[in-house]
Amino acid sequence: MMQANFSYWHYPTEITVGVGARSKVISDAHSIGLNNPMVVCDHALPAIEIFNQLLAQLKESHPNIAIFTDFASNPTLSCVNKGIALCQSQEHDGVIAIGGGSALDVGKAIAFMAYQKGTLIDYEDIGDQWQNANTKSILPSIAIPTTAGTGSEVGRVSVISDDEANKKRLIFHPDILPKRVILDPELTIDLPLSITAATGMDALAHNMESYFSPEFHPLANGIAIEGMKMIHQHLPMVINDPHNLESRQAMMVASLMGATAFQKGLGAMHALAHPLGARFNSHHGLLNAVLMPYVLQANRPSIQVAAGELARQLNIGSDFNALMQWVLELRQHCKIPHALHEIGVHDAAADWIAEQAILDPSAATNPIPFSKEQYRIILMSAIHGELK
């Protein structure tokens with residue numbers, strides 16, 4: 001008898017998309033039973049008028065609401081534990097997470113862990129550890145992204161840096177997924193252009209790596225292709241005109257599509273970006289953007305046919321070279337540095353980064369199962385800007 005080889009497919013949650021969609025937050029909170037929610041948001045947001053208005057609206061409907069902002073762009077386990085303690089002390093019954101990928105990851109982690117036994121690491125994405133969680137104790141959450149990159153709002157993983165081990169942990173559970181998602185492009189207008197560019201390239205990395213993953217998931221392939229078409233059209237438009245709400249909205253959707261598609265798997269960009277981010281405290285999307293052409297070149301023997309098909313879908317040519325040229329030109333348009341040394345990454349930690357890369361869950365679905373030495377070669381090329 002043929003051995004069973006199952007594929008597992010999952011699709012996201014209830015999503016509201018459109019200009020002004022943030023007005024839905026109160027009714028969404030009510031619909032999922034949030035009477036005493038906790039807000040997790042980026043520390044700078046309360047000083048921005050549009051977010052101050054949103055927080056005031058939440059405070060009016062929920063007078064006892066607490067606002068947690070004590071975390072950095074690469075949130076750590078110790079920061080999350082502070083949020084968990086606050087959630088427990090005030091007996092919050094859910095989380096409203098507002099901000100970039102870090103805020104959403106912290107919010108999801110707090111909602112997941114508030115009433116679990118053990119620690120976050122006990123639920124790292126290793127084997128079936130997630131099954132040890134008490135599903136009934138997971139608090140519901142609402143995610144309101146303010147960037148278009150990570151797609152964390154539809155992810156079943158929370159990425160948290162381990163302070164002691166100096167590495168990123170992927171905390172997984174199917175029910176860590178927010179119950180409601182609100183995509184309002186007006187919330188991305190005040191982003192610095194550098195963050196708009198880096199997060200946009202991060203969305204491209206998610207769609208692209210999932211597309212090239214060798215796993216069987218034709219639904220994810222279709223989503224990834226459409227996501228990249230939207231990025232091809234709208235990321236340059238957002239860079240040229242940051243107040244273009246139509247393109248802002250399209251980029252938020254493309255970001256969400258990338259995170260939906262990457263249940264098919266990611267690859268070497270993320271396998272390297274995760275330890276690099278933990279070691280150098282660098283922006284995750286920016287790392288993926290810089291690494292992209294170097295990883296594409298290394299994967300070329302296995303992705304040439306698929307790359308040609310993608311180039312045709314994007315109407316930019318018909319082969320690998322056309323796709324590579326598009327990536328390089330898009331990076332240049334977005335003012336992404338060409339080499340990692342330009343953003344403070346040096347080669348002293350190259351052996352450790354390569355060792356961590358082969359252990360990263362993303363490495364399992366790279367088109368080529370790179371060795372530690374191959375990861376080191378890719379990394380050194382990216383550090384020094386040597387794209388052959």
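Residues that are in contact with a strand residue (DSSP E or B) (Cβ under 7 Å, 6 or more places away or on another chain) and surrounded by 19 or more Cβ atoms within 10 Å (Cβ to Cβ) within segment 125-139 comprise Trp130, Leu139, listed in sequence order. Taking segment 202-287 as the region of interest, the helices (runs of 4 or more DSSP H) fully inside it that hold 2 or more residues being open to solvent by 10 Å² or more (accessible area, probe 1.4 Å), over 25 Å from Pro178 (Cα atoms) and in contact (Cβ under 8 Å) with a residue 40 or more places away in the chain are 218-240, 268-280.
Take Arg376 and decide whether it is of a type in the set (Lys, Arg) and within 22 Å of Glu215 (Cα to Cα). Explain how you work it out, then say what you get.
On the way: of a type in the set (Lys, Arg): yes; within 22 Å of Glu215 (Cα to Cα): no.
No: the conditions fail for Arg376.
Of the residues making up segment 115-124, those that are in contact with a strand residue (DSSP E or B) (Cβ under 7 Å, 6 or more places away or on another chain), open to solvent by less than 30 Å² (accessible area, probe 1.4 Å) and either under 30 Å from Pro185 (Cβ atoms) or of a type outside the set (Ser, Thr, Tyr) (or both) are Leu120, Glu124.
Considering only segment 338-359, how many residues are open to solvent by less than 30 Å² (accessible area, probe 1.4 Å) and in contact with a Leu (Cβ under 8 Å, 6 or more places away or on another chain)? Selection size over segment 338-359: 6. If you go through segment 140-154 and keep only what is open to solvent by less than 10 Å² (accessible area, probe 1.4 Å) and part of a loop (DSSP other than H, G, I, E, B), you end up with Thr146, Gly149, Gly151. With respect to Ile84, determine if the residue is open to solvent by 10 Å² or more (accessible area, probe 1.4 Å), more than 20 Å from Ala148 (Cα to Cα), of a type in the set (Val, Ile, Thr) and not in a strand (DSSP E or B). Yes, satisfied.
Looking at the structure I just gave you, is Ser73 within 21 Å of Ile195 (Cβ to Cβ) and in contact (Cβ under 8 Å) with a residue 24 or more places away in the chain? Taking the combined requirement at face value, the residue satisfies it.
Selection over segment 25-47 of residues that are touching a residue at least 60 places away in the same chain (Cβ under 8 Å) and open to solvent by 50 Å² or more (accessible area, probe 1.4 Å) gives a count of 1. For segment 173-191, the criterion of being buried (at least 24 other Cβ atoms within 10 Å of the Cβ), part of a loop (DSSP other than H, G, I, E, B) and in contact (Cβ under 8 Å) with a residue 24 or more places away in the chain is met by at least one residue. Restricting segment 52-81 to residues that are of a type in the set (D, E, K, R) and assigned to a helix (DSSP H, G or I), the residue that is nearest to Asp163 (Cα to Cα) is Lys59.
The values are calculated or read from the model by the stated rules, or taken from the named source; none is laboratory data. In this text the structure is predicted, and so the values were computed from the model without any measurement. Cβ sites come from the backbone with ideal geometry, for glycine too, and all protein chains shown count toward neighbours. Calculation scope for accessible area: heavy atoms of the full protein, side chains included, ligands and nucleic acids excluded. Shrake-Rupley method; radii C 1.70, N 1.55, O 1.52, S 1.80 Å.
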